[in-house]
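Student: Would you mind keeping the following structure in view while I ask a few things?
Laboratory data are not the source of any read-out in this text; all were calculated from the coordinates shown. Model, not experiment: these values are computed from the prediction. As a convention, Cβ positions derive from the backbone with ideal geometry for all residues, glycine included, and neighbour counts pool all protein chains shown.
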Amino acid sequence: MSNMQIENIQKYYGIVFPHEYLEFQREAGGKAFDVIEYGDVIDWEIRFSILDDQFIENNINMVDDVNPDPRRIIPFAWSVSSGNNYFLDYRKNSESPAVLVMDHEEAMVREDAESESETPEQAQQLLEENVREIAANFNAFIACLKARSSNPVE
């Protein structure tokens, strides 16, 4: 994760990653996390996407076809166990984006949304249903994370 790679990613999307996110990326160093909501684990073995030369291509190939706004909703992590994706949502606040989650089993593909809709607006609404806000910003999201034990039996 070099500064040049980060700058290239930010330039491609026209965004600036939150400082907290970049610091967390540096400190996390490939660790896995569980997401805790109301005291319960709701998703486990969350891995953060590496900010490298493959970041953009990986998002295009793996997430963009179910992403309601691939240029403003940026995937940054996924759950190894469930396949769910986590996103930074820059649509409302470019300095402190909300964090969204997408249940991969429930997500509708863009092509299907378009074929099932009479208008582009209806298709977009179906795609919007793919995601839900899980945290108002990245700091609130990391407050819900617990480092995953390397012990497979917990």
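Student: Out of the stretch 3-56, which chymotrypsin sites (Phe, Trp or Tyr not before Pro) are coil in DSSP terms and have no more than 16 other C-beta atoms within 10 Å?
Tutor: On the way: sites: Tyr12, Tyr13, Tyr21, Phe24, Phe33, Tyr38, Trp44, Phe48, Phe55; in loops: Tyr38.
Qualifying residues, ordered by number: Tyr38.
Student: Straight-line reach from Lys31: which aspartates and glutamates have Cα under 13 Å away, leaving out those fewer than 8 places along the same chain?
Tutor: Glu45
Student: Given Ala107, Ala140, Asn58, which one lies farthest toward the positive end of the charge dipole of the chain, if we put +1 on the Cβ of every Lys and Arg and -1 on the Cβ of every Asp and Glu?
Tutor: Selected residue: Ala140.
Student: Please name which of Ile73, Ala32, Leu22 has its Cα lying farthest along the dipole of the chain towards the positive end, using unit charges on Cβ (Lys, Arg +1; Asp, Glu -1) and the Cα centre as origin.
Tutor: Toward the positive end, the furthest listed residue is Leu22.
Student: Let me ask another. For the stretch 86-153, which trypsin sites (Lys or Arg not before Pro) are in a loop by DSSP, counting at most 13 other Cβ atoms within 10 Å?
Tutor: Answer by residue number: Arg91, Lys92.
Student: Taking the Cα centre of the chain as origin, work out the dipole magnitude from +1 charges on Lys and Arg Cβ and -1 charges on Asp and Glu Cβ, in debye rounded to 20.
Tutor: With Lys and Arg at +1 and Asp and Glu at -1, about 740 debye.
Student: Given that just one value was derived from the coordinates, which of (1) 9.4; (2) 14.1; (3) 10.8 is mean projected area of the Cα convex hull in nm²?
Tutor: (1)
Student: For the stretch 1-108, run through the GluC sites (Glu not before Pro) and keep only the ones in DSSP coil with at most 14 other Cβ atoms within 10 Å of their Cβ.
Tutor: Passing both the DSSP loop test and the Cβ count: Glu95, Glu105, Glu106.
Student: Cut-off under 24 Å on the C-alpha distance; same-chain residues fewer than 8 positions from Lys11 excluded. Which lysines are left, in chain and number order?
Tutor: Lys92
Student: While we're looking at this one, here's another question. Which whole-number percent is the relative contact order of the chain (Cα, under 8 Å, 6+ apart)?
Tutor: It rounds to 24 percent for the chain.
Student: A follow-up question, please. Using a Förster radius of 41 Å, what is the FRET efficiency between Gln124 and Ser149 based on their Cβ-Cβ separation? Nearest 0.05, please.
Tutor: Efficiency, rounded to the nearest 0.05: 0.50.
Student: Let me ask something additional. Starting from the Cα-Cα distance between Arg71 and Glu111, subtract it from 0.36 nm times their residue separation and give me the gain in nm to one decimal.
Tutor: 12.6 nm
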